[in-house]
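Each remark here refers to the structure printed beneath this line.
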Amino acid sequence: MPLTADEVRHIARLARLGLSPEEVERFRDQLSTILDHFQGLNAFDTEGVPPTAQSFDLTNVERDDRARPSADRSEVLANAPRTEGAYVRVRAVLD
Amino acid sequence: MSSSGPSADVFAVLDLPAHEQAARLRAGDLTARQLAEAALARVHAQDASLGAYITFMDEEALAQADEADARLRSGNAGPLTGIPIGVKDLLSTKGTLTTAASRMLEGFRPIIDCTVVARLREAGAVFVGKTNLDEFAMGSSTEHSAFAQTHNPWDLARVPGGSSGGSAATVAAGGVPLSLGTDTGGSIRQPAALCGILGLKPTYGRVSRFGVIAFASSLEQVGPFGRDAEDVALLLQAIAGLDPNDATTAPVPVPDYREEFARGIEGLRVGVPRDFFVEGMEDGVRQAVEDAIAVFERNGAVVDRDVALPTVSAALPVYYIIAPSEASANLARYDGVKYGFSYHDAASMWEEMEQTRGRGFGDEVKRRIMIGTYALSAGYYDAYYLKAQKVRTLIRRDFDAALSNHDLLLTPTAPTVAFRLGAKTDDPLAMYLNDLCTLPVNIAGNPGMSVPCGFSEGLPVGLQLIGRPFEEATLLRAAHAYGTFTDWHLRRPPALASDGAGA
């Protein structure tokens, strides 16, 4: 079933992706085709089959919790688009 | 290059496999500095027509080469000391631009080396540059790069495959003997096949992902490209094994891969799963792969041509639900606040973030974030993501069954030879179909490898070897043996017009 433009805009909003009206139209088309293809999975009976999240089921990997040097602050801040003193500067979150 | 550049003799050494280059370095026939200068001269000269690199690392490479020479002089050299290597630009290199081929990370300089790069530094390798890829490793042709167009050295009008297309092209063209790629759904094996070289995707958990820019965390692995099995073994040997910084690396000992070569393939039980010979596969590809299987049989392998892996037909939808779902979570970190591209000209914080992501990501990345977000969203999670994870279990079971009475599976690596640039960029599904034979292996987690096995229409064809978890040694041993029975891996593409001296 083809997606509607509203559905595409809703997904884009969940993903915080600013899309142009042309992109909304193009993705509506392409995503509908791709999602259609996914229907092929219904041919496989998965009654009682557990899901796989990771291939080899490693669990509870632990290491000693030891203090060690952290990242260099000036190196980290050098990659930040906006800084102020020792901080990353962001826009006001609440108006 | 000018007459003061490296001599033809040095270029001739650069054409050798890495293990032979290392022997020449140890014998003192040339210095690591001379070899690095030759590699740099060639990759620079070739790049006008090849487009394999995003960032060159000349200064650092020469410094590493000088250190390598000091180690060689003091008898402290390992098998990779002084060997020029290309590094996919998805792998963090401390202080050196690391872009993932995305505008989103233009100008980004990591504060760490990823574990595999750190290990190669310790081994004395020489990094010539960061190679081109599909943006965030999402693609099968390296056409989804924000910065460069990589061409296939066998035919410059064709794609090198992807996503590790730059790493494959530079090794095939003779710029470096070895390179690193990553493989999430075929991104090492498919470009290796399309460029006529070898490439290996290790078992999930065999190689550390620490410091590798994340795309799909449950599927991807770092792995080597090379021009013969011994070189691929050498590079895997250097990067494999437990890493305290990556909790998904497995506590499984790493064997000496080259020691296993002597065992040969006599009595090796080889399975050929029919389900991999998919509809739409090119006849020339099918023929080359059939011929390769016959070579195994003639040389003592026991070939079973009746292996069933019926869930392979589910691999494409499973992959294109799971990988984009993981990507949509992994790529949530690109918000324009801490690093990378940042759009500043909007009315609010949320609008800035949406504009940052809308402008910073390319089409394919946005498409996958959208698919993943949809598959994980309320009301669709069970039908898509959970269903895909359950079918993933069925695919794993199929591989376990097929490999319970076979040591190795042989299949085509890709259904086609290298296709023309632009042929599939407007049709995402057609592009995805090129990975049909490689995707199932990432979903199951097993190791896979591509080995050159012939030509179709003048373009290379790859044979895929699939093994049991953590049995890369079997793949490498079989690839090495195959390389002694045939010489497909020795075929080199025509010299590039821009090759310069000694190509």
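The values are calculated or read from the model by the stated rules, or taken from the named source; none is laboratory data. Keep in mind that this is a model prediction, so the values were computed, not measured. For neighbour counting, all protein chains shown are included, and Cβ atoms are generated from backbone atoms with ideal geometry for every residue, glycine included. Ligands, DNA and RNA are stripped out before the accessible areas are found, and what is left, the full protein with its side chains, is counted by its heavy atoms. Shrake-Rupley method; radii C 1.70, N 1.55, O 1.52, S 1.80 Å.
From the list B:ARG42, B:ARG71, B:ARG26, B:ARG33, exactly one residue is open to solvent by 30 Å² or more (accessible area, probe 1.4 Å), basic (Lys, Arg) and touching an Asp or Glu at 6+ places or on another chain (Cβ under 8 Å). Which is it? Residue meeting the stated conditions: B:ARG33. Among the residues of region A:35-47, those identified as open to solvent by 80 Å² or more (accessible area, probe 1.4 Å) and not acidic (Asp, Glu) are A:GLN39, A:ASN42, A:ALA43. On the given criteria, is B:ILE395 at the interface with another protein chain (Cβ under 7 Å from one of its Cβ atoms), touching a helix residue (DSSP H, G or I) at 6+ places or on another chain (Cβ under 8 Å) and either open to solvent by less than 10 Å² (accessible area, probe 1.4 Å) or acidic (Asp, Glu) (or both)? For B:ILE395, the condition - at the interface with another protein chain (Cβ under 7 Å from one of its Cβ atoms), touching a helix residue (DSSP H, G or I) at 6+ places or on another chain (Cβ under 8 Å) and either open to solvent by less than 10 Å² (accessible area, probe 1.4 Å) or acidic (Asp, Glu) (or both) - is not met. Residues in region B:391-410 include none that are in contact (Cβ under 8 Å) with a residue 40 or more places away in the chain and among the hydroxyl-bearing types (Ser, Thr, Tyr). Which condition number in (1) more than 30 Å from B:LEU421 (Cα to Cα); (2) surrounded by 20 or more Cβ atoms within 10 Å (Cβ to Cβ); (3) not acidic (Asp, Glu) is the one that B:GLY78 fails? The failed condition is (2).
Okay, residues lined up against (1) open to solvent by 20 Å² or more (accessible area, probe 1.4 Å); (2) within 14 Å of chain A (Cβ to nearest Cβ); (3) under 30 Å from B:PRO253 (Cβ atoms):
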residue: B:THR416; (1), (2), (3): yes, no, no
residue: B:ASN442; (1), (2), (3): no, yes, yes
residue: B:PHE470; (1), (2), (3): yes, yes, yes
residue: B:ALA479; (1), (2), (3): no, no, yes
residue: B:THR484; (1), (2), (3): yes, no, yes
residue: B:HIS489; (1), (2), (3): yes, no, yes
residue: B:PRO494; (1), (2), (3): yes, no, no
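Only one entry of B:GLY462, B:GLY454, B:GLY458, B:GLY467 meets the criterion of being of a type outside the set (Phe, Trp, Tyr), out of contact with any helix residue (DSSP H, G or I) (no Cβ under 9 Å at 6 or more places or on another chain) and modelled with pLDDT of 95 or more, and that entry is B:GLY458.
The listed residues are B:GLY336, B:GLY284, B:GLY300, and the only one of them that is open to solvent by less than 30 Å² (accessible area, probe 1.4 Å), more than 28 Å from B:GLY362 (Cβ to Cβ), without any contact (Cβ under 8 Å) to a residue 40 or more places away in the chain and touching a Gly at 6+ places or on another chain (Cβ under 9 Å) turns out to be B:GLY300.
Inclusion of B:TYR319 among residues that are in contact with an Asp or Glu (Cβ under 8 Å, 6 or more places away or on another chain) and more than 8 Å from chain A (Cβ to nearest Cβ) is warranted.
Give region B:244-285 a look and list any residue that's part of a helix (DSSP H, G or I) and of a type outside the set (A, V, I, L, M), or say none. If the condition is that a residue be part of a helix (DSSP H, G or I) and of a type outside the set (A, V, I, L, M), then B:ARG258, B:GLU259, B:GLU260, B:PHE261, B:ARG263, B:ARG274, B:ASP275, B:PHE276, B:ASP283, B:GLY284 are the ones that fit. Of the helices (runs of 4 or more DSSP H) lying entirely inside chain A, those carrying at least 3 residues that are within 24 Å of the chain's Cα centre (by Cα) and more than 7 Å from chain B (Cβ to nearest Cβ) are A:5-14, A:21-38. Checking each residue in region B:322-339 for being under 25 Å from the mean Cα position of the chain (by Cα) and more than 7 Å from chain A (Cβ to nearest Cβ) picks out B:ILE322, B:ALA323, B:PRO324, B:SER325, B:GLU326, B:ALA327, B:ALA329, B:ASN330, B:LEU331, B:ALA332, B:ARG333, B:TYR334.
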